[in-house]
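*Asks:* Structure incoming, see below.
The values are calculated or read from the model by the stated rules, or taken from the named source; none is laboratory data. What you see is a predicted model, and the numbers here were worked out from it, not measured in a lab. Note that each Cβ is placed from the backbone with ideal geometry, even for glycine, and that neighbours are counted across all protein chains shown. The accessibility values were calculated without ligands, DNA or RNA, using every heavy atom of the protein model including side chains. Shrake-Rupley method; radii C 1.70, N 1.55, O 1.52, S 1.80 Å.
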Amino acid sequence: MSAVAVCGGAARTLRTPGRHGYAAEFSPYLPGRLACATAQHYGIAGCGTLLILDPDEAGLRLFRSFDWNDGLFDVTWSENNEHVLITCSGDGSLQLWDTAKAAEPLQVYKEHAQEVYSVDWSQTRGEQLVVSGSWDQTVKLWDPTVGKSLCTFRGHESIIYSTIWSPHIPGCFASASGDQTLRIWDVKAAGVRIVIPAHQAEILSCDWCKYSENLLVTGAVDCSLRGWDLRNVRQPVFELLGHTYAIRRVKFSPFHASVLASCSYDFTVRFWNFSKPDSLLETVEHHTEFTCGLDFSLQSPTQVADCSWDETIKIYDPACLTIPA
């Protein structure tokens with residue numbers, strides 16, 4: 001695979017021939033550096049590639065690429081080493097990579113019995129913990145310095161699509177599943193704290209608000225985004241409608257307390273301000289296939305990255321973020 005940089009319009013674009021994008025995540029350390037997890041043949045068969053991109057005058061350039069023998073579905077950066085990332089794949093394994101070292105993973109963790117669709121590195125200082133969610137209906141807890149999982153969390157009754165650490169509460173994470181529930185877990189209790197029947201459809205994504213320890217958002221196959229206040233989960237605190245096919249990923253802004261973004265199988269990325277009656281701020285239509293990966297920059301208040309099954313990765317500044325939301 002040879003990546004091709006394209007600088008058209010306002011978006012910096014990298015074409016990834018033969019690789020379909022599943023997840024994109026900005027480095028917490030290096031401004032503009034982006035990791036993208038990709039798969040051949042839409043993740044159904046073939047191998048996967050982890051791409052590390054940097055911005056340059058031409059748009060985007062490929063810094064490093066790492067191949068794995070199965071599709072890669074998610075990626076998360078280390079919170080204590082700017083060179084280290086973890087990906088997860090269709091063969092049930094997680095891979096620990098070092099961008100400053102050889103092309104082989106430093107470590108492979110293979111315990112899940114089916115595809116691993118989600119992986120997230122804890123942001124809590126002092127603890128180096130990773131959670132992974134799998135089609136085998138379990139979440140596993142890992143310390144990357146230990147070769148085997150620390151704990152397995154059971155309770156979901158279908159595929160786990162999304163696992164995300166609380167940025168506020170140490171040892172607390174959320175998971176979203178095809179069983180239509182959002183669940184909040186406590187590592188110390190080794191069990192589930194809250195079960196929220198959040199949608200009457202499969203939930204493909206969840207995220208934790210950076211500005212409130214009690215607020216999460218879910219995105220589902222029913223095309224809706226719903227906000228949940230953990231102090232009272234009987235009803236959502238907001239519902240955002242507009243997508244026309246399943247919502248694949250949702251992310252809260254790290255800079256704007258009431259702004260979030262979602263990407264969908266309707267090929268669009270949408271930006272929302274859930275505190276306003278007219279919540280939809282902008283719809284970005286620059287992909288021609290399922291849009292699966294989405295992230296906000298941690299350094300630039302206006303910068304966003306996404307990736308799609310159309311074999312492109314884009315970094316851009318949506319108009320709604322360049323003017324006060």
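Conditions (1) at pLDDT below 95; (2) within 22 Å of Leu204 (Cα to Cα), marked per residue:
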position	(1), (2)
Val284	no, yes
Cys292	no, yes
Ala305	no, yes
Ser308	no, yes
Ile315	no, no
Thr322	yes, no
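*Asks:* Then there's this: Do you know which residues across the range 174-199 are touching a Gly at 6+ places or on another chain (Cβ under 8 Å) and among the charged types (D, E, K, R)?
*Replies:* Matches in the range 174-199: Arg183, Asp186, Lys188.
*Asks:* While we're on this one: Please specify each residue of the range 143-154 satisfying the condition of being open to solvent by less than 50 Å² (accessible area, probe 1.4 Å) and touching an Asp or Glu at 6+ places or on another chain (Cβ under 9 Å).
*Replies:* Within the range 143-154, Asp143, Ser149, Thr152 meet the criteria.
*Asks:* If you check Glu239, Glu289, Glu282, which single one turns out to be over 28 Å from His20 (Cβ atoms), of a type in the set (D, E, K, R) and either assigned to a loop (DSSP other than H, G, I, E, B) or open to solvent by 30 Å² or more (accessible area, probe 1.4 Å) (or both)?
*Replies:* Glu239
*Asks:* Hey, another quick one. Could you list, in sequence order, all residues of the range 51-94 that are within 16 Å of Gln40 (Cβ to Cβ), among the polar types (S, T, N, Q) and open to solvent by less than 10 Å² (accessible area, probe 1.4 Å)?
*Replies:* Within the range 51-94, Thr87, Ser89 qualify.
*Asks:* Another question, if that's okay. Any residue at all in the range 170-186 that is open to solvent by 30 Å² or more (accessible area, probe 1.4 Å) and among the basic types (Lys, Arg)?
*Replies:* no
*Asks:* Just to verify a result, which residue in the range 20-32, among those that are open to solvent by 20 Å² or more (accessible area, probe 1.4 Å) and not hydrophobic (A, V, I, L, M, F, W, C), is modelled with the lowest pLDDT?
*Replies:* Pro31
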